[in-house]
Amino acid sequence: MKTTTNKTAFIPKMYCSLFGHNFKVTKQVTYHVKEYTCSHCKKQLTTNSNGNLIELTPKFKEINAILERIHHSRMERIQRKAITSSVY
Ligand SMILES: [Zn+2]
């Protein structure tokens, strides 16, 4: 008699469907937009412009990359302005 305890069938995706995803912030794009990855099944989510969580598709990855660039250049400008205003 063979007992087939098929542990390999217990894939992370199944774990997530039973216990829910375990999302961790993997990237802070802007103050409001973050990217999340599930530590079990590697599913990726992001925050959209309405503040809702949506699946991180390649298109949203592109949008986030642009947002990140804008956000960083804006931050740099603010920091530079802060330095110059403290000098004068
Ligand atoms: Zn998951």
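The values are calculated or read from the model by the stated rules, or taken from the named source; none is laboratory data. None of these values were measured; they are calculated from a predicted model. A quick note on method: Cβ atoms are made from the backbone with ideal geometry, for glycine too, and the neighbour counts reach across all protein chains shown. Side chains included, ligands, DNA and RNA excluded: accessible areas come from the protein's heavy atoms. Shrake-Rupley method; radii C 1.70, N 1.55, O 1.52, S 1.80 Å.
Side notes on the structure shown:
- In the stretch 42-69, residue modelled with the lowest pLDDT [restricted to those that are open to solvent by 80 Å² or more (accessible area, probe 1.4 Å) and of a type in the set (A, V, I, L, M, F, W, C)]: Leu53
- Apart from one condition, Asn64 fits all of (1) touching a residue at least 24 places away in the same chain (Cβ under 8 Å); (2) out of contact with any Ser or Thr (no Cβ under 8 Å at 6 or more places or on another chain); (3) away from the ligand (no atom under 16 Å from the Cβ); the exception is (2).
- Pair list, Cβ under 7 Å, 6 or more apart: the stretch 18-42 residue over 14 Å from Ala65 (Cβ atoms), other residue open to solvent by 100 Å² or more (accessible area, probe 1.4 Å): Tyr36/Lys24; Thr37/Lys24; Ser39/Lys24; Cys41/Lys13
- Residues in the stretch 27-65 that are assigned to a helix (DSSP H, G or I) and either within 22 Å of Glu76 (Cα to Cα) or touching a Leu at 6+ places or on another chain (Cβ under 9 Å) (or both): Glu62, Ile63, Asn64, Ala65.
- Filter result (assigned to a helix (DSSP H, G or I) and more than 23 Å from the chain's Cα centre (by Cα)) within the stretch 66-88: Arg77, Ile78, Gln79, Arg80, Lys81, Ala82, Ile83, Thr84, Ser85, Ser86, Val87
- Lys24 being open to solvent by 100 Å² or more (accessible area, probe 1.4 Å), at pLDDT 95 or above and either outside any loop (DSSP other than H, G, I, E, B) or within 25 Å of Met75 (Cα to Cα) (or both): yes
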